[in-house]
1. Would you confirm whether or not the stretch 163-186 contains a residue that is assigned to a helix (DSSP H, G or I) and among the aromatic types (Phe, Trp, Tyr)?
2. For the stretch 168-177, does any single residue satisfy the condition of being away from ligand 1 (no atom under 16 Å from the Cβ) and touching a Cys at 6+ places or on another chain (Cβ under 8 Å)?
3. Could you list, in sequence order, the residues of the stretch 114-134 that are under 21 Å from residue 165 (Cα atoms), part of a helix (DSSP H, G or I) and without any contact (Cβ under 8 Å) to a residue 60 or more places away in the chain?
4. List the pairs whose first member sits in the stretch 297-318 and is basic (Lys, Arg), whose second member is crowded, with 18+ Cβ neighbours inside 10 Å, and whose Cβ atoms are under 7 Å apart, counting only residues at least 6 apart or on separate chains?
5. Can you run down the residue pairs with Cβ atoms below 6 Å, 6 or more apart or on separate chains, where the first is in the stretch 178-194 and under 25 Å from residue 285 (Cα atoms) and the partner is within 16 Å of ligand 1 (Cβ to nearest atom) and acidic (Asp, Glu)?
6. Could you list, ordered by first residue, the pairs with Cβ atoms under 8 Å in which the first is in the stretch 25-52 and closer than 30 Å to residue 266 by Cβ and the second is among the acidic types (Asp, Glu) and part of a loop (DSSP other than H, G, I, E, B), at least 6 apart or interchain?
7. Under 7 Å by Cβ, and 6 or more places apart or on different chains, what pairs join a residue from the stretch 236-247 that is within 13 Å of residue 312 (Cβ to Cβ) with one that is within 11 Å of ligand 1 (Cβ to nearest atom) and among the basic types (Lys, Arg)?
Amino acid sequence: MERKFQVLTVGELNADLILNQIDGFPEIGKEKLAKELALTLGSSSAIFASNLSSLGIKVSFVGKIGEDTFGNLVQASLNAKGVDTSHLIVDKTSVTGITVVLNYGEDRAMMTCPGAMEHLKVKDVADEALQSARHMHFASLFLQKGMRDDIIELFWRAKKCGLTTSLDTQWDPSEKWDFNCKAILPFVDVFLPNEKELLLLTGTSAIEDAMAEIKPHANTVVVKNGSKGSTLYTKDGKEVHLDAFLNEQVVDAIGAGDSFNAGFISRMVQGYPLEDCQVYGNLAGAINTTGAGGTSAFNSKESIISVAREIFNFEMNI
Ligand SMILES: Nc1ncnc2c1ncn2[C@@H]1O[C@H](COP(=O)(O)OP(=O)(O)OP(=O)(O)O)[C@@H](O)[C@H]1O
Ligand SMILES: [Mg+2]
């Protein structure tokens, strides 16, 4: 079968309602005001897919939405960025999820109603979808209850179909971190946690201990650390720390991690060395912080190249 897509993203889909410049956090029985709002494409997987497509990569998506206004917004937003949605599943029995984001300076609080995303199952990912791509990315494990128990099977199937794979578990809203990442890591070519998530997933309090735990099972691991940048750990024992590109005027950091993933995977699927993938990861994360939400800084190749040149003094080759 022809591999029409460079990347197949499997994951959660929802809209984001972002409230900016809030005059305080919610309190029971009180009303607070926000000065600005935006309704946009949300979800880690969708931001990844959308920005990866803007970076010039052919991307398809397997996910579940409801038959409703937010579902239409999600699909239209993905299509507008060139992401193939022919594998999206419309579940008439559930609603499309939404995340309400309260932005407070560079920090934020989020409340999510998952809706349809909880009902995506590994069996919904057809072999035909896997066989249409060269790489599979999966994100937000803990938000997708229907995927949790069988997730290893999905990665195993992807490898059997000849794909390379990447995983970003993201945060566990239940904070139980009840997931044996060692069992899945042999089937994951690139593991992309942030520092806090890696510590919680491994039950350790130092990155060296976390890496010692997972190293025997893992292939490439990239640990993201916000404005401190990222560290790449290769299978053959190399460890490369790379400082973040400095952005003195951060709009917000929503989706910086997903954009990092997009930058990294965009280079990997084109066969660039891992150190180059890391540079493009850091750069895409930094570019993300120049616009509101996860996707607004990734409108077109031309605008991405121009932000990289003008704000980060970096000449992109995309
Ligand atoms: N303020 C910033 N300035 C410059 N670069 C940044 C900034 N914040 C993040 N980045 C870049 O983006 C990358 C990913 O960000 P971060 O570590 O916040 O990921 P994350 O915690 O997974 O985020 P997310 O909440 O989107 O999942 C960082 O490794 C860094 O290279
Ligand atoms: Mg993240």
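1. For the stretch 163-186, residues assigned to a helix (DSSP H, G or I) and among the aromatic types (Phe, Trp, Tyr): absent.
2. Within the stretch 168-177, none of the residues are away from ligand 1 (no atom under 16 Å from the Cβ) and touching a Cys at 6+ places or on another chain (Cβ under 8 Å).
3. Restricting attention to the stretch 114-134, the residues satisfying the condition of being under 21 Å from residue 165 (Cα atoms) are 117, 120-134.
Keeping just the survivors that are part of a helix (DSSP H, G or I) gives 117, 122-124, 127-131.
Hits for the stretch 114-134 are 122, 123, 127.
4. Qualifying pairs under 7 Å: 301/54.
5. Pairs found: 192/168.
6. Listed pairs, sorted by first residue: 43/12; 44/12; 45/12; 46/12.
7. 244/228
Rundown of residues vs (1) modelled with pLDDT under 95; (2) out of contact with any Ser or Thr (no Cβ under 7 Å at 6 or more places or on another chain); (3) among the small types (Gly, Ala, Ser), yes/no style:
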{"site": "221", "(1), (2), (3)": "no, yes, no"}
{"site": "244", "(1), (2), (3)": "no, no, yes"}
{"site": "257", "(1), (2), (3)": "no, yes, yes"}
{"site": "275", "(1), (2), (3)": "no, yes, no"}
{"site": "283", "(1), (2), (3)": "no, yes, no"}
{"site": "288", "(1), (2), (3)": "no, no, no"}
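The values are calculated or read from the model by the stated rules, or taken from the named source; none is laboratory data. All values derive from a computational prediction rather than experimental measurement. In this analysis, Cβ positions are derived from the backbone assuming ideal geometry, glycine residues included, and neighbour counts consider all displayed protein chains.
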